[in-house]
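Notes to accompany the following structure.
The values are calculated or read from the model by the stated rules, or taken from the named source; none is laboratory data. Just so it is clear, the structure is predicted and the values come from calculations on it, not from any experiment. Don't worry about glycine lacking a Cβ; one is built from the backbone with ideal geometry, like all the others, and counts go over all protein chains shown.
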Amino acid sequence: MSSFIPRPNLDLIDLLLGEHASILTLFRYYENTLATLDLAGLRAAGAVLEAVLMAHAIDEDGLLFEALPAGERGVHETLSAMCGEHNELRHLLEDLPGIEDVTRARGQLRRVVELAREHFAVEERILFGLARRVLPQETLSTLGGEYARRRGLSALA
Ligand SMILES: [Fe+2]
């Protein structure tokens, strides 16, 4: 039997990209099933998306955004846009349980998925490259270890 060999050089960007990949899988599932869900199903889907998107946003804000030097060219503008979108997603998800109309609730959930998809794409195109450019590899690896610890990935923490 082979044992798992950890790769301690996985850094925070690698790990956040992996998380994007799994959340995108969830988006595809909900995009294919939203039309069949009733109000209770839509609320349950919203609760799942809230759990994964807010955990993602909290760790991104607390680990990556905090580490980026605000004075560096492009950092402030990029972070403001990303934080604004995290807040918009939070509000859309928080409002969902109070929506009584099934069509409106479905539309709200579709908006969450669309906005989060666009948000992920910008992070992958701009933010993650920026982070690799301005932060030393050692810092990204240390932050990756902290992310792993928070998520319970014992092999990397
Ligand atoms: Fe984000």
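I need the full set of residues from the stretch 17-38 which are part of a helix (DSSP H, G or I), in contact (Cβ under 8 Å) with a residue 60 or more places away in the chain and crowded, with 16+ Cβ neighbours inside 10 Å, in order please.
H20, I23, F27, Y30, L34
Are there any pairs, at least 6 apart or on different chains, whose C-beta atoms fall under 8 Å, with the first in the stretch 97-125 and under 17 Å from L49 (Cβ atoms) and the second of a type in the set (F, W, Y) and away from the ligand (no atom under 11 Å from the Cβ), and if so, which?
L109/Y30; V113/F27; V113/Y30; A116/F27; R117/F27
Somewhere in the stretch 96-106, is a residue within 16 Å of the ligand (Cβ to nearest atom), hydroxyl-bearing (S, T, Y), at pLDDT 90 or above and in a helix (DSSP H, G or I)?
Taking the stretch 96-106 and keeping what is within 16 Å of the ligand (Cβ to nearest atom), we get none.
Within the stretch 96-106, not a single residue is within 16 Å of the ligand (Cβ to nearest atom), hydroxyl-bearing (S, T, Y), at pLDDT 90 or above and in a helix (DSSP H, G or I).
Can I126 be described as within 15 Å of the ligand (Cβ to nearest atom) and not charged (D, E, K, R)?
yes
Return the residue satisfying two criteria in turn: it lies in the stretch 55-76 and is closer than 16 Å to G129 by Cα and not in a helix (DSSP H, G or I), and of such residues it is farthest from the ligand (Cβ to nearest atom).
R73
Can you say whether S154 is within 13 Å of the ligand (Cβ to nearest atom), surrounded by fewer than 18 Cβ atoms within 10 Å (Cβ to Cβ), under 21 Å from L12 (Cβ atoms) and among the polar types (S, T, N, Q), as far as the supplied structure shows?
Here the answer is no, as S154 does not meet what is asked.
Residue-wise test of (1) over 17 Å from R111 (Cβ atoms); (2) of a type outside the set (G, A, S); (3) free of Cβ contacts under 8 Å to residues at least 40 places away in the same chain.
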residue: E50; (1), (2), (3): no, yes, no
residue: L53; (1), (2), (3): no, yes, no
residue: R73; (1), (2), (3): yes, yes, yes
residue: E88; (1), (2), (3): no, yes, yes
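For the stretch 109-123, check the following and say yes or no: at least one residue is outside any helix (DSSP H, G or I) and of a type outside the set (D, E).
No, because not a single residue in the stretch 109-123 is outside any helix (DSSP H, G or I) and of a type outside the set (D, E).
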